[in-house]
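Data block below; observations after.
The values are calculated or read from the model by the stated rules, or taken from the named source; none is laboratory data. No experiment lies behind these values; they were computed from the predicted model shown. Note: ideal-geometry Cβ built from the backbone for every residue, glycine included; neighbour counts use all protein chains shown.
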Amino acid sequence: MVASQPIGVFDSGVGGLTVLGALHAELPHERFIYLGDTARLPYGTKSHDTVVRYAQQAADALIGRGVKALVVACNTASSVALPSLRERYGELPVVGVVEPGATAALAATRSGCIAVIGTEATVRGGAYQRAIVQRRPDASVIALACQLFVALAEEGWTRGEVARATAQRYLEPLFGPAQEPSGSARPDTLVLGCTHFPVLRAVIREVVGEQVSIVDSAATTARAVHALLRARGLLHANEAALGAQSGEPAWSRFLATDGVPRFAAIGGRFLGRDIDRQEVELIDL
C-alpha cells in the first residue's frame with residue numbers, strides 16, 4: 001500500500017456520504033472512491049449472510065481499484081460484516097462506524113443509559129450494544145429499529161408533519177413525557193446508528209429534547225481513519241505535514257450499482273454539495 005493511493009468508502013446507498021463529508025473535512029488532501037450499492041439497498045432488512053456477501057463484493061470492487069484503506073460507511077455492514085472483512089483483507093486497514101460511534105456515545109453520556117437507533121439488521125446484530133458494554137460494563141443500552149427513517153431521508157422528507165409524527169412514534173416511548181411516571185432510567189444519549197439519520201437530526205432533536213446528547217458517528221469515524229492511517233504511515237504527503245494548507249485538495253470518485261441520476265440527485269443532500277451525474281460511474285457487482 002502506498003500513501004498516494006485513494007481511500008475506499010462504501011455504503012448500501014447514499015447515506016454513507018455523510019461519512020464521506022466528514023472524511024473530506026478531516027483529511028482535506030486525501031483522495032476517495034465512494035461506492036453506493038444502490039441496486040441492492042437497503043441492507044438493513046437483509047439476512048446476516050446476505051449482508052456479509054454484499055459487503056465483501058463492494059469491498060472487492062474498491063480494492064480492485066487500488067485503495068489503501070477501506071471505510072465501511074454503513075452501520076448495518078459494520079454491525080454484521082466487519083469481522084469477516086478484516087479477516088478477508090488481512091493487512092488492509094478497515095474501519096467501520098460502530099466502534100467510533102460507541103466511543104463517542106460513552107464520551108457523551110452522563111448516566112450510562114444510551115439509546116441506539118438504526119435499521120433492523122443493525123439492531124438485531126447487536127454490535128453497538130456489545131461495543132458499548134465492552135467499554136463500560138455498567139452501561140445500559142436500548143436499541144430500537146427505525147426503518148422508516150431511511151425512506152424519509154431518501155425522499156427528502158426530513159422536516160414537517162410526516163417526519164415529526166414518525167419520530168414521535170418511534171422515540172416518545174423512550175424520551176417522551178409518558179416515560180416519566182414509570183421512574184425507569186431514560187437515556188441521556190442517543191446514537192444515530194444509521195448514516196441516513198443525520199439528515200433527520202433537527203426533527204429528532206424536537207422529539208428527544210435539548211437535554212439528550214445526539215451522537216453521529218461520522219466525525220468520530222473520520223478521526224479514527226486519520227489516526228489509523230497516521231499510525232500505518234499511509235497519510236497522503238500533504239496530510240502528514242501538520243497544518244498543511246497547500247497541495248492537491250481532496251477529491252472523490254463516485255460509483256453506483258443502479259440509478260445514477262437518483263444517486264446524484266439524492267446524494268447531494270447527504271454530502272452537502274451538488275453531485276453531477278457525470279461524476280458517477282455505473283458498475284456491476
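Only one residue in ALA178, ALA163 is on the phi < 0 side of the Ramachandran plot and either among the basic types (Lys, Arg) or at pLDDT below 95 (or both), so which one is that? Quick ask: steps written out before the conclusion?
Numbers: ALA163 fails: either among the basic types (Lys, Arg) or at pLDDT below 95 (or both).
Going through ALA178, ALA163 in turn, just one is on the phi < 0 side of the Ramachandran plot and either among the basic types (Lys, Arg) or at pLDDT below 95 (or both): ALA178.
Pairs please, first residue from segment 184-199 and small (Gly, Ala, Ser), second anywhere and surrounded by fewer than 22 Cβ atoms within 10 Å (Cβ to Cβ), Cβ atoms under 9 Å, 6+ apart in sequence or on different chains.
ALA185/SER111; ALA185/GLY112; ALA185/CYS113; ALA185/SER140; GLY193/ALA143
Which residue pairs have Cβ atoms closer than 7 Å, lie 6 or more positions apart in sequence or on different chains, and pair a first residue in segment 200-212 that is within 15 Å of ARG169 (Cα to Cα) with a second residue that is among the acidic types (Asp, Glu)?
So the pair list comes out as VAL207/GLU172.
Taking the condition modelled with pLDDT of 95 or more and within 19 Å of VAL199 (Cβ to Cβ), does PHE270 pass?
In short, no.
Quick one: ALA104 ticks every box in (1) assigned by TED's automatic domain parsing to the domain that holds LEU229; (2) within 16 Å of ALA218 (Cα to Cα); (3) in contact with a strand residue (DSSP E or B) (Cβ under 6 Å, 6 or more places away or on another chain) except a single one, so which number is it?
Among (1) assigned by TED's automatic domain parsing to the domain that holds LEU229; (2) within 16 Å of ALA218 (Cα to Cα); (3) in contact with a strand residue (DSSP E or B) (Cβ under 6 Å, 6 or more places away or on another chain), the lone unmet condition for ALA104 is (1).
List the pairs whose first member sits in segment 223-234 and is over 14 Å from VAL71 (Cβ atoms), whose second member is assigned to a helix (DSSP H, G or I) and among the small types (Gly, Ala, Ser), and whose Cβ atoms are under 9 Å apart, counting only residues at least 6 apart or on separate chains?
Hits for this filter: ARG230/ALA240; GLY233/ALA240.
Are any of the residues in segment 11-25 under 29 Å from ALA167 (Cα atoms) and without any contact (Cβ under 8 Å) to a residue 60 or more places away in the chain?
no
Under the condition of being touching a helix residue (DSSP H, G or I) at 6+ places or on another chain (Cβ under 7 Å) and surrounded by 14 or more Cβ atoms within 10 Å (Cβ to Cβ), which residue from segment 245-254 is modelled with the lowest pLDDT?
ALA250
For segment 264-285, enumerate the residues that are within 17 Å of ASP37 (Cα to Cα), surrounded by fewer than 19 Cβ atoms within 10 Å (Cβ to Cβ) and of a type in the set (Gly, Ala, Ser).
ALA265, GLY268
Among the residues of segment 40-67 satisfying the criterion of being in contact with a strand residue (DSSP E or B) (Cβ under 8 Å, 6 or more places away or on another chain) and of a type in the set (Gly, Ala, Ser), which is surrounded by the fewest Cβ atoms within 10 Å (Cβ to Cβ)?
Filtering first and then ranking leaves ALA61.
Out of ILE142, ILE132, ILE114, report the one residue that is closer than 18 Å to VAL212 by Cβ and under 17 Å from the mean Cα position of the chain (by Cα).
Result: ILE132 is the single residue among ILE142, ILE132, ILE114 that is closer than 18 Å to VAL212 by Cβ and under 17 Å from the mean Cα position of the chain (by Cα).
Identify the residue in segment 264-276 that is assigned to a helix (DSSP H, G or I) and more than 17 Å from the chain's Cα centre (by Cα) and, among all such residues, is nearest to LEU62 (Cα to Cα). Lay out the reasoning, then the answer.
The first filter runs over segment 264-276 and keeps only residues assigned to a helix (DSSP H, G or I), leaving 264-271.
Keeping just the survivors that are more than 17 Å from the chain's Cα centre (by Cα) gives 264-265.
Details: ALA264: 19, ALA265: 23 Å.
The residue in question is ALA264.
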